[in-house]
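The values are calculated or read from the model by the stated rules, or taken from the named source; none is laboratory data. Quick caveat, the model's predicted, so the values are computed rather than measured. Using ideal geometry, Cβ is built from the backbone for each residue, glycine included, and neighbour counts are taken over all protein chains shown.
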Amino acid sequence: MTVLDIHPTTSAVLADPPVRRQRNMGQFLRWLLLFAGGIAMVMPIVYMISTSLKWPHEVYNINLVPDEPTLENYLYVLEDGRFYGWFWNSLLIATLTTVSNLFFDSLVGYTLCKFRFPGRQLVFIAILSTLMIPTEMLVIPWYLMSQSFGWLDSYWGIMFPGMMTAFGTFLMKQFFESVPDDFIEAARIDGLNEFQIWWTVAMPLVKPALAALAIFVFLGNWTAFLWPLVVTNSVEMYTIPVGLSGFGDEVDVAWELIMTGAAISTIPTLVVFLIFQRFIIRGVVMAGLKG
C-alpha cells in the first residue's frame, strides 16, 4: 500500500496541477480563436472608417491611420442632395418589407404549425424548397412580373420579392412549436377567434423570433444591391447601395466617398439591432431557464 493509497486527498492534490494546466490551455485557445474571429469581423469596419477619413490620394495606402485625416468626404456626401433621397428609399423599403415579413411569415408559420389540414407538410416542403433557388435565377421572372404589373422603377417593384420569405416562415413555424397547444385550446374555449388567438396569445410568446426575423429582414433589404439595380432606372429611385456605386467616373472609383456613405448608412442598422437585441437576449435566457 502506497502513501497515495492511504491519503486519497493527497493524490487528488498532486494530480490537480496538470488538469488545471490543461484546462487553462483549453481556455486560452478558446479566447485566442474568439479574438481572431473578432479581429476578422471588425477589421472591415475599421478599414471603412479609415478610408472615409482619407484624401483621394491616400485611399490606396494600406495604413489604417490616415496621414492627414479629413471630414471633407462626409461634408461632400451630406451636401449631395441625392444621398438623402437614397437614404429615404432604403429606409422606407427596409421598414415596410420588415413589417410585411413579421406579419405574413408569422401568420403562415402559425397556420402550418397549429392547424391540421390535408397537404400541410407538402405546403411546408414546397416553401422550404424555394430556399434552394439562387436569387440570380429569380431576377428575370421578377423583372417580367414587374414589367407586366407596371412596377418598374417604383417602390412596389423593389419590395414585392421580399414581402414574404421562406426563411421567415420556417423560423416562425419552428418557434410556434414551442407554444403549448393548451394555451390555444383555452383561448378557443374563451371564445377568441383564430386571428385573435394568433395575435394575443401566440405572438407575445415568440417575441425573440420576431426580433431576430426583424433584424435579418431589415439588414437584408437595407444592403440589397442586385435587384434594386435591375428594377430601377431613375437616380431618384436608387437605394443607398445602388446610389453609392455611382460615385466616381469611368476611369476611377471614388472609394473614399463610397466608404463615407457606407459608414453613414450603418447607423440605422445599429439602431435596429440595439432596439431588438434585448428581446433576443431575453428569449435565450428564458430558454435556458426552461431547459
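Annotation note: of GLU72, GLU58, GLU68, the sole residue that is surrounded by 11 or more Cβ atoms within 10 Å (Cβ to Cβ), charged (D, E, K, R) and modelled with pLDDT under 90 is GLU58. Restricting attention to segment 235-263 and to residues that are within 23 Å of the chain's Cα centre (by Cα) and farther than 15 Å from ALA94 by Cβ, the residue that is modelled with the lowest pLDDT turns out to be SER245. With respect to (1) more than 26 Å from LEU96 (Cβ to Cβ); (2) touching a residue at least 24 places away in the same chain (Cβ under 8 Å), the lone exception for PHE167 is condition (1).
Selection of segment 132-154 for residues being exposed (fewer than 11 other Cβ atoms within 10 Å of the Cβ) and within 26 Å of the chain's Cα centre (by Cα) yields MET132, ILE133, PRO134, GLU136, MET137, ILE140, PRO141. Candidates PHE104, PHE87: the one that is under 21 Å from PHE195 (Cα atoms), in the same structural domain as LEU219 (by TED's automatic domain parsing) and of a type outside the set (A, V, I, L, M) is PHE104. When ALA202 is tested against (1) at pLDDT 90 or above; (2) loosely packed, with under 14 Cβ neighbours inside 10 Å; (3) not polar (S, T, N, Q), only condition (2) is not met.
Taking segment 46-103 as the range and being touching a Ser or Thr at 6+ places or on another chain (Cβ under 7 Å), farther than 30 Å from THR169 by Cα and in a helix (DSSP H, G or I) as the test, the residues that pass are SER52, ASN73, TYR74, VAL77.
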